[in-house]
Amino acid sequence: MSKIQRVEINKNYHASIHCPFCGQLVVKTDFEDDEELIPVNPCPHTLFMAHDEGFEYRSDRFDVNMSLSGIEDDEIETGDKGYDGLTDKVSIADSIKFASYVGAPSFFGSYVGFAPLDIK
Ligand SMILES: [Zn+2]
C-alpha cells in the first residue's frame, strides 16, 4: 500500500500553494496585501485541507480512503499526532501532502493533500 508523500515547508510558509496536477491556486497566503485570505479553494485533485485545529475541506476520496464518510469534522479522532499524523495516513497512490509549519513560538501547521484524478 502506498502512502502519501510529504513535502515540508518550514521557512517559506507564507507561500501560496498551487495544485501540482492542474495548477489551481488552492491556498492563498499572501499577507503582503489586504486581500482576504482564500482559505478554501479546492480543485478536483485536492484531497484535504487542514490545520492543527481542524479540517477546512475533505474530499469524498479522502473520506473513503480514510473511512471517514459520514463523520462530522468535530467527531474525528486524530490520535496523539493530531491532524498532521492523521493526514499522513492517506494511502491513495501518488498522493502528495504539503505541510507548512510556522516557526516558533506557535509551530502552527497547515496541511494540503493532492492526488491525480484517475487513481482510486
Ligand atoms: Zn488540481
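The values are calculated or read from the model by the stated rules, or taken from the named source; none is laboratory data. Note that the structure is predicted; figures quoted are calculated from it, not measured. Every residue, glycine among them, receives a Cβ derived from its backbone with ideal geometry; neighbour counts consider all protein chains shown.
Some points to look at:
- G109 meets each of the listed conditions (1) surrounded by fewer than 16 Cβ atoms within 10 Å (Cβ to Cβ); (2) at pLDDT below 95; (3) away from the ligand (no atom under 16 Å from the Cβ) apart from (1).
- Per-region count, segment 80-106, residues among the polar types (S, T, N, Q), buried (at least 16 other Cβ atoms within 10 Å of the Cβ) and modelled with pLDDT of 95 or more: 2
- Residues in segment 6-24 that are under 11 Å from K97 (Cα atoms) and away from the ligand (no atom under 16 Å from the Cβ) were compared, and the one that is surrounded by the fewest Cβ atoms within 10 Å (Cβ to Cβ) is E8.
- Failed criterion for E77 (all others in (1) in a strand (DSSP E or B); (2) surrounded by fewer than 17 Cβ atoms within 10 Å (Cβ to Cβ) hold): (1)
- Taken as a whole, the condition of being charged (D, E, K, R) and under 19 Å from K11 (Cα atoms) does not apply to D118.
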